[in-house]
Amino acid sequence: MNNTNRALNRGVVFVAGLVLLAVAALLGLIATQVTLQNGWASVTGRIGATADGWLQATPLGATQNSWIWIVVLAVLLAVVGLLLRFIVRQGNGHSAHLISEQTTNWGNTEVDSAVAEQALQNALGQRPEFLSTRVSTYRVAREAVLKVSVTCRRGTSPTDVLRIVEQALLALDELLGLRLPALLQISGGFRVRTSRSTRIR
């Protein structure tokens, strides 16, 4: 659950894989085929001569340097910035705000995610059925979604776990005055491991 488009993620990985595969295949053919080696040397020679011509034809003021290098540097910096932004966003869909609505003409009403997280954590942490609980908030399609992860004691029924967590979520909904989407992840115990581990409401 993060705030990047899944299709975009898979598309980037797919294109990167195809590019790497094509480069590897090309390098393998060049290393084994004499004809390709000669052709590659000819092509790289022409490309180098053309690049030298461009650099000499585009001087930067009175210097001997070309302004093309500045453009190349700017493009590289932009690409690096986009890649860094893409990397930072991975797995970082956590949201600090649970509710942010404009309730009046003079301001907004905001509820921090910590309010719901701590309320659920306190309610579920006191239950003897659970070894540990964790509540976090994610932003999915511009909507806050609660993720409740519980580790159950051995022999705990998934039905009981579902009932307990749903009661806590309903109490939170009543407290906040709206129904929040939630994802429940259950782990631990043989009966739990042989059952479905997630539920969305």
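The values are calculated or read from the model by the stated rules, or taken from the named source; none is laboratory data. As the structure is a computational prediction, the values presented were derived from the model and not from experiment. No Cβ is skipped: glycine too gets one built from the backbone with ideal geometry, and neighbour counts run over all protein chains shown.
The set of residues from the range 135-144 being in contact with a helix residue (DSSP H, G or I) (Cβ under 6 Å, 6 or more places away or on another chain) and at pLDDT below 85 comprises just one member, Thr137. Restricting the range 99-134 to residues that are of a type in the set (Val, Ile, Thr) and at pLDDT below 70 leaves a set whose member that is farthest from Leu183 (Cα to Cα) is Thr104. Of all residues in the range 121-153, exactly one satisfies the criterion of being in contact with a Leu (Cβ under 9 Å, 6 or more places away or on another chain) and part of a loop (DSSP other than H, G, I, E, B), namely Arg153. Looking only at residues in the range 145-157 that are crowded, with 19+ Cβ neighbours inside 10 Å and touching a helix residue (DSSP H, G or I) at 6+ places or on another chain (Cβ under 7 Å), the one that is nearest to Ile99 (Cα to Cα) is Leu146. Quick one: in the range 51-87, which of the residues that are among the hydroxyl-bearing types (Ser, Thr, Tyr) and either closer than 28 Å to Ala16 by Cα or touching a Ser or Thr at 6+ places or on another chain (Cβ under 8 Å) (or both) is surrounded by the fewest Cβ atoms within 10 Å (Cβ to Cβ)? Ranking the qualifying residues of the range 51-87, first place goes to Thr58. Of the set (1) at pLDDT below 80; (2) basic (Lys, Arg); (3) within 17 Å of Glu117 (Cα to Cα), all apply to Lys147 but (1).
Among residues of the range 103-143 being among the small types (Gly, Ala, Ser) and out of contact with any strand residue (DSSP E or B) (no Cβ under 6 Å at 6 or more places or on another chain), the one that is surrounded by the most Cβ atoms within 10 Å (Cβ to Cβ) is Ala123. The residues in the range 165-201 that are modelled with pLDDT of 80 or more, in contact with a Lys or Arg (Cβ under 6 Å, 6 or more places away or on another chain) and within 17 Å of Glu129 (Cα to Cα) can be counted, and the count is 1.
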